[in-house]
Amino acid sequence: MRKKVLEVVDLKTHFSTRLGVTKAVDGVSFSVREAETLGLVGESGSGKSITCLSILGLVPPPAGRIVGGKILLNGEDLLSKSKKQMRKIRGRQISMMLQDPMTSLNPVFTIGDQVAAPIRLHQKYNRKTVRNKVLDMLRRVKIPTPEVRAKAYPHQMSGGMRQRIVGAMALSCEPQLLIADEPTTALDVTIQAQFLKLLEEIQKSSNLSMIVVTHDFGIVSKICDRVAVMYAGRIIEQAKIEDLFDNPKHPYTKALMNSLPEMDTRVKRLYSIEGQPPDLRNLPDGCSFAPRCSYTMEICRKEYPHESVVEDGHTTSCWLSGSQGEA
Amino acid sequence: MSEILLEAKNLVKHFPLTKGIIFAKQVGAVRAVDGINFHVNRNETFGLVGESGCGKTTTARLILLLETITSGSIEFEDQNITAFNKTVLKNYRASVQAVFQNPFGSLSPRMRVGDIIAEPLVVNKTVPKDEMKEKVAEALTVVGLSRDQANNYPHEFSGGQRQRIAIARALAQNPSLIILDEPVSALDVSIRAQIMNLLQDIQDQFGITYVLIAHDLAVVKHMSKRIGVMYLGKIVEVAESDELFKNPLHPYTRALYSAALPSRPGLHREEIVLPGEVPSPINPPSGCRFHPRCSEARPICAEQVPPLIDVGGGHEVACYLNKN
């Protein structure tokens with residue numbers, strides 16, 4: 001088995017607000033192996049973005065605080081690192097690609113400058129080497145005529161190209177782990193297909209591990225190896241993608257899959273999940289999905305189900321799952 | 001009463017590009033919609049799909065008369081909407097309603113929900129004052145909200161509920177046509193199904209016609225009876241929704257279908273990744289607008305614009321490859 005690049009153990013990130021404590025991430029554990037792609041799926045407010053920001057040490061202070069757990073990168077705990085040490089890791093070992101390429105690029109600097117920034121920061125190269133590295137990166141993300149494009153500004157490029165520039169920036173220091181937060185939501189379908197293909201190619205050629213944050217099961221089934229489904233700050237099910245799609249165990253995962261219209265089959269009426277995602281300041285006792293679940297039992301409202309193993313590499317937190325009693 | 005509710009004939013919308021301030025002269029035009037023909041039958045959902053910049057939203061705005069038509073016409077119940085006089089226009093505006101993408105932007109944060117729903121009724125004087133409250137309550141119940149919620153402000157509602165309010169506002173006018181411009185794309189995944197089911201129930205109950213605009217193929221396919229595919233200001237293919245994806249005739253439709261993400265892993269479609277990006281509508285390619293990205297382009301494609309031809313069973317396509 002390949003070695004674990006990142007291991008997150010029982011991570012808790014809370015935000016204290018005037019109205020109480022928001023438990024954005026509340027006991028999340030997962031790991032990412034070398035050259036593996038993990039999909040982090042969930043609705044807005046399920047804690048997937050905050051999990052990623054926690055890994056990078058970018059939880060906005062003073063409201064946000066990591067209150068518990070461990071984040072291990074190659075066995076070293078990132079939470080014990082100083083700010084200065086974290087700055088060396090960000091962009092170098094772990095890098096992040098943000099959702100919206102329109103706002104994550106600086107409009108007053110050229111593309112070349114922006115792709116060069118992380119290289120300059122992390123590696124002491126002379127000008128010429130930096131320039132060659134930048135052109136090389138632009139070529140890797142398939143920007144046509146990189147010499148010309150390096151001098152262009154973000155507004156001169158289309159959405160798809162900008163997204164590829166953001167990709168080039170994130171990959172410029174050859175990180176071990178790339179976190180992509182909703183990498184294609186801002187893109188059109190045919191451009192999305194282009195970009196996902198590019199991402200796959202780059203991953204294959206450079207042994208990169210990835211965490212892809214998304215709400216779209218389509219993206220997951222296209223590029224991920226494993227997937228973790230999040231609901232209200234917790235991972236409720238984790239499995240290899242084939243297992244998750246063939247044999248979803250948690251009622252939320254099942255419901256979510258049934259509620260999506262599919263291209264390849266036709267149903268008269270979609271299954272709809274009643275109600276709304278819970279308020280994170282005021283989570284129900286027991287399982288947070290219990291109020292919307294159609295299989296709720298008495299115990300669901302009292303106690304949060306611990307994680308049980310369905311089969312090798314497939315875990316779920318639900319009282320309905322077999323091994324609950326024994327664990 | 002004819003079967004066709006709305007028909008666009010050779011519809012064109014160009015946005016002029018000017019140079020100079022005082023002696024501004026037109027130097028070109030953005031050909032947002034460039035001669036499209038389609039019809040929408042009564043009581044059906046007509047879907048318009050395409051990528052950003054293909055003119056689908058402009059088409060919707062033309063139907064709503066939010067933009068002036070450059071040339072061509074839109075006929076509603078066999079009457080040209082641009083020739084309407086003031087009174088008829090008022091009726092038209094009441095019977096054609098819209099639900100927009102972002103329910104955070106389309107509802108005024110300073111008005112109570114009841115007032116938001118009542119506003120178009122007040123403006124059009126369609127409902128007497130003393131019945132107003134009842135009418136608003138009725139609209140709220142239809143969309144699954146409670147009548148007491150009329151006193152709340154939009155910020156007190158979640159995204160899905162706000163979209164319900166926007167639907168209630170459209171419904172209160174008793175419209176015959178509702179334009180749905182990306183009605184679910186701003187919503188959470190678990191809420192989307194609720195709204196799509198609600199829209200279908202409303203259609204069944206009141207016999208309303210929908211024009212649905214979306215970029216998510218699965219959503220359009222699920223909701224629509226017929227679908228029109230747009231590319232750079234032109235309609236390239238129109239067909240019944242099952243037929244369109246079972247038997248896509250235009251190379252662009254095939255590419256769109258192949259780009260749609262699989263709903264399950266291991267489900268493989270023919271992989272067509274289109275080279276390049278959508279060209280600018282200011283200076284669109286000659287002939288068929290898709291030819292620079294098309295793998296099957298022939299010499300004629302660069303020279304002449306292929307007409308939209310019915311190949312049988314209401315399946316229309318604008319491509320020279322299908323000319324027998």
* To do: Can you pull a Stokes-Einstein diffusion coefficient for the range A:183-327 at 10 °C (1.306 mPa s), Rh from Kirkwood over Cα pairs, as a whole number of µm²/s?
  => 93 µm²/s
* **Net +/- balance of residues flanking A:Glu174 in space, Cβ distance below 13 Å, scoring K and R +1, D and E -1** => +2
* Asked: For chain A, modelled as a GNM with alpha-carbon contacts under 10 angstrom, which of A:Ser46, A:Ser16, A:Ser317 fluctuates the most?
  -> A:Ser16
* Kindly write out, for the range A:89-104 in residue order, the coupling ³J(HN,Hα) from the Karplus curve 6.51 cos²θ - 1.76 cosθ + 1.60 (θ = phi - 60°), rounded to whole Hz, with x marking Gly and Pro. => 7, 5, x, 9, 9, 10, 10, 10, 10, 8, 4, 10, x, 6, 9, 8
* Relative compactness, the range B:4-248, computed as alpha-carbon Rg over 2.2 N^0.38 Å -> 1.05
* Asked: Between the helical axis of A:159-171 and the dominant principal axis of chain A, each derived from Cα atoms, what acute angle in degrees is found, rounded to the nearest 10?
  -> 90 degrees
* Asked: Excluding B:Arg61 itself, what net charge comes from residues whose Cβ is under 12 Å from its Cβ, given Lys and Arg +1 and Asp and Glu -1?
  -> 0
* **chain B, helix-only ellipticity at 222 nm - DSSP H runs n ≥ 4, -39,500 (n - 2.57), divided by all residues, nearest 500** => -9500 deg cm²/dmol
* **With Cα atoms, 0 to 90° folded angle of helix A:189-206 axis to chain A main axis** => 80 degrees
* Which cross-chain or sequence-distant (5 or more) residues have an amide H under 5 Å from the amide H of A:Ile235, H modelled 1.01 Å from N in plane? -> A:Ser29
* Asked: Kirkwood hydrodynamic radius for the protein assembly as shown: how many Å is it when counted over pairs of different Cα atoms?
  -> 27.0 Å
* To do: Sum -39500 (n - 2.57) across every DSSP H segment of at least 4 residues in chain A, then divide by the residue count to get the 222 nm mean residue ellipticity, nearest 500.
  => -8500 deg cm²/dmol
* What does the charge count near A:Leu283 come to, summing +1 for each Lys or Arg and -1 for each Asp or Glu among other residues with Cβ under 11 Å from its Cβ? -> 0
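Quick one: B:Leu5, B:Leu66, fewest Cβ neighbours within 10 Å first, how do they rank?
Going from least to most buried by this count: B:Leu66, B:Leu5.
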* Asked: Could you give the nm distance between label points at A:Leu121 and A:Thr103, where each point is 7 Å from its Cα heading toward the beta carbon?
  -> 1.9 nm
* Asked: How far is helix A:127-140 tilted, in degrees, relative to the longest principal axis of the Cα atoms in chain A, given as a value from 0 to 90 rounded to the nearest 10?
  -> 50 degrees
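Please report, in debye to the nearest 20, how large the charge dipole of the protein assembly as shown is about its Cα centre when each Lys and Arg carries +1 at its beta carbon and each Asp and Glu carries -1 there.
2780 debye
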* Value in Å of the Kirkwood radius, where chain A supplies the Cα pairs that are averaged -> 21.0 Å
* Could you bin all the Cα-Cα distances of the range B:1-57 into 10 Å bins starting at 0 and give me the percent of pairs in each, rounded to whole numbers? => 19, 35, 25, 14, 6, 0
* Listed residue (B:Ala239, B:Ala168, B:Ile195) projecting farthest to the positive dipole end of the range B:150-263, Cβ model -> B:Ala239
* To do: Would you mind calculating the gained length between B:Ser280 and B:Phe84 on full extension (0.36 nm times residue separation, minus the Cα-Cα distance), in nm to one decimal?
  => 67.2 nm
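Based on the alpha carbons, how large is the Rg to Rh ratio for the range B:1-150 when Rh follows Kirkwood?
On the way: Rg = 18.9 Å, Rh = 18.3 Å.
Rounded to two decimals, Rg over Rh is 1.04.
Neighbour counts of other C-beta atoms within 10 Å: give me B:Thr141, A:Thr110, A:Thr190 arranged from fewest to most. Mind dumping the intermediate values first?
Values: B:Thr141 12, A:Thr110 16, A:Thr190 23.
Neighbour counts put them in this order, fewest first: B:Thr141, A:Thr110, A:Thr190.
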* Using 1/(1 + (r/R0)^6) with R0 = 25 angstrom and r between the beta carbons of A:Lys268 and B:Asn124, what's the FRET efficiency to the nearest 0.05? -> 0.10
* Asked: So what's the gap between the Cα centers of the range B:39-102 and the range A:252-327, to the nearest angstrom?
  -> 43 Å
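Every read-out reported here was derived from the displayed coordinates using simple, explicitly stated rules and does not represent laboratory data. Every value quoted in this text rests on a predicted model; they were computed, and no experiment measured them. A quick note on method: Cβ atoms are made from the backbone with ideal geometry, for glycine too, and the neighbour counts reach across all protein chains shown.
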